[in-house]
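Data first, discussion second: the structure below is written as structure tokens.
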Amino acid sequence: MSLRRIAIIANPLSGRGSNARRRQELLGLFDFFIQEAKSKGVDVQFELFETTAKGASVATGEAIPGSGSYLARRAAEDGFDVVAAAGGDGTVGEVANGLVGTSTALAVLPMGTGNDFSRAVGLGTDLEAAVRCAVFGEIKWIDLGKGPKGFFINIAGCGFDAVVAREINRGFKMLRGTAAYLAAVIKTLVGFKPVEISIDVDGDVHQQKAMLCAVANARCYGGGMMVAPNASWVDGLLDVVVVGDVSALEFLRAFPRVFKGTHLSHPKVSSWRGKVIKIQSAEPLPVLADGEDLGETPIQFEIHPKCIKFVGP
């Protein structure tokens with residue numbers, strides 16, 4: 001009988017605190033699929049670990065004791081085959097950082113606010129499907145993006161979208177997912193102006209005024225908004241999507257197209273693909289990756305192909 005050892009790393013604060021309330025649901029699903037696995041000749045064992053500290057490894061590259069990154073690294077060292085991140089995109093990014101350089105695979109359990117990486121890989125917000133995937137899924141290598149210090153699994157961005165993400169982190173506690181993102185978008189539009197930026201994609205330089213610049217390893221953020229619909233976490237490239245000099249009204253009119261990924265055909269939207277992305281701006285712009293604050297421009301991102309193992313559907 002083959003063996004799969006799974007460490008579940010749960011962030012009790014994910015999903016506006018709902019993660020802690022859903023613990024029994026999560027454990028019940030694992031117990032159910034473990035019995036199914038035994039009938040198929042697979043012995044699945046799991047242990048649950050809860051984060052006790054907020055990590056910032058995406059920004060700092062450091063694993064703070066008690067953080068998702070720290071617990072993931074410990075689990076890999078202890079010989080677990082899979083580490084399942086039970087939380088939102090921030091938790092997934094933390095755990096991914098802890099697994100870089102190990103042979104332990106990442107699994108995603110969507111129990112956060114946006115769950116965008118889970119959406120990108122086809123699991124959506126279906127926790128039952130995600131647990132089944134963690135138990136039975138296929139292990140493959142995936143890419144990670146890298147900022148100045150840490151790695152990101154989903155999307156980095158500067159300008160308008162980074163300001164929106166900061167607003168979400170600061171408030172909107174009664175809202176989740178897309179609703180929280182929309183509220184932050186409307187608030188941020190008041191007073192935000194496009195800024196002159198320079199984007200170097202593998203040596204090809206583009207200069208323009210821009211509302212935002214997204215550097216994507218995966219397709220969506222903000223609870224399902226497909227800002228980079230052509231991005232892939234297995235192609236060895238980062239997708240760059242820039243929204244140019246548009247008015248607030250024009251932005252709002254075009255904004256619904258991002259839910260289907262059809263905004264790339266808009267005349268004020270540009271996109272490129274590359275391995276090394278350098279961004280400079282006429283004035284400092286905030287930068288975030290996987291929801292973590294990386295500071296301000298100038299900044300550089302690069303792709304790290306086949307960086308960690310991942311348990312996919």
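The values are calculated or read from the model by the stated rules, or taken from the named source; none is laboratory data. Please read these numbers as outputs of a predicted model, since none were measured by experiment. Using ideal geometry, Cβ is built from the backbone for each residue, glycine included, and neighbour counts are taken over all protein chains shown.
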Inset, instruction - Output the qualifying pairs, or none if there are none: Cβ atoms under 8 angstrom, residues six or more apart or on different chains, first residue in region 263-283 and more than 22 Å from residue 193 (Cα to Cα) and not assigned by TED's automatic domain parsing to the domain that holds residue 206, second residue modelled with pLDDT of 95 or more and surrounded by 16 or more Cβ atoms within 10 Å (Cβ to Cβ). - result: none
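For (1) under 15 Å from residue 99 (Cα atoms); (2) part of a helix (DSSP H, G or I); (3) out of contact with any Asp or Glu (no Cβ under 9 Å at 6 or more places or on another chain); (4) of a type in the set (S, T, N, Q), each residue gets a yes or a no:
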site	(1), (2), (3), (4)
49	no, no, yes, no
55	yes, no, no, no
59	no, yes, no, no
62	yes, no, yes, no
80	yes, no, no, no
Legend entry - Among the residues listed as 74, 119, the single one being among the basic types (Lys, Arg) and at pLDDT below 95: 119
Inset, instruction - Those residues that are touching a Gly at 6+ places or on another chain (Cβ under 9 Å) and either assigned to a loop (DSSP other than H, G, I, E, B) or surrounded by fewer than 20 Cβ atoms within 10 Å (Cβ to Cβ) (or both), I need them from region 296-313; list them, please. - result: 297, 300, 302, 304, 305, 306, 312, 313
Inset, instruction - Please name all residue pairs, on different chains or six or more residues apart, with Cβ atoms under 9 Å, provided the first residue is in region 155-167 and is free of Cβ contacts under 8 Å to residues at least 24 places away in the same chain and the second residue is of a type in the set (D, E, K, R) and surrounded by fewer than 24 Cβ atoms within 10 Å (Cβ to Cβ). - result: 167/187
Inset, instruction - With the checklist (1) of a type in the set (A, V, I, L, M, F, W, C); (2) in contact (Cβ under 8 Å) with a residue 24 or more places away in the chain; (3) surrounded by fewer than 24 Cβ atoms within 10 Å (Cβ to Cβ) in hand, flag the one item residue 106 doesn't pass. - result: (3)
